[in-house]
Amino acid sequence: MLNIANIRMEQEQLKKHIEQYEKWVSSAPVREAEWSSLTREYGQLKRHYDYLVSQDLQAKSMLNLERRQQGSQFKIEDPARYPGKPIKPDFVKILGGALAIGLGLGFGLTLFLDFFDTTFRDGDSVAIYLGLPLISTIPYIDTQKEVKSRKWYAILSTGFLGCCSILILALFFYVWRKGLIVM
């Protein structure tokens with residue numbers, strides 16, 4: 001009998017524990033909602049607090065900066081100005097290089113053409129080439145028309161070269177006056 005009474009008493013206690021656990025389980029969603037509401041409000045308050053702290057730090061640093069620079073004002077002593085001569089391109093070097101290349105090509109082409117020219121210039125070179133002695137040579141005699149045409153050709157080519165040179169110099173000085181070329 002004692003055992004049955006103990007078992008019934010234990011059974012009653014277990015029922016009370018089960019009812020307590022069931023109350024806790026049934027109230028868990030309500031507690032969950034309360035907890036999420038609290039954490040959400042805490043997160044918003046924390047963000048606002050962090051924002052206020054950062055604003056305070058920024059204000060303090062600006063105040064400290066103003067105190068350190070209280071008497072200092074900046075004035076521009078020497079205003080900015082354009083340089084008189086550009087660093088690049090160096091026009092004098094370009095002009096010198098172009099002149100050197102032009103003279104080199106002129107002399108080189110002349111020497112090249114003279115080296116590969118196979119015409120005979122005098123009677124001795126013909127005698128050496130043929131290996132026979134020459135009895136006589138007939139000189140070339142220019143006609144009056146050929147002399148005149150050669151003279152006009154020289155005058156016209158010299159005039160054309162002079163006009164081109166003057167035109168190039170005028171163009172150079174025009175561009176220089178505009179400021180596009182700085183020496």
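Just so it is clear, none of the values below were taken in a lab; they were calculated from the coordinates. All values reported here derive from a predicted model rather than from experimental measurement. Glycine also receives a Cβ, built like all others from the backbone with ideal geometry; neighbour counts cover every protein chain displayed.
Listing for the model above:
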item: Sole residue being assigned to a helix (DSSP H, G or I) and either surrounded by 10 or more Cβ atoms within 10 Å (Cβ to Cβ) or aromatic (Phe, Trp, Tyr) (or both), chosen from ALA59, ALA5; result: ALA59
item: Hey, SER125 outside any helix (DSSP H, G or I) and without any contact (Cβ under 8 Å) to a residue 60 or more places away in the chain or not; result: no
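Here is a yes/no grid of residues against (1) in contact with a Cys (Cβ under 6 Å, 6 or more places away or on another chain); (2) more than 29 Å from ILE181 (Cα to Cα); (3) surrounded by 10 or more Cβ atoms within 10 Å (Cβ to Cβ):
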position	(1), (2), (3)
LYS88	no, no, no
LEU113	no, yes, no
SER125	no, yes, yes
SER136	no, yes, no
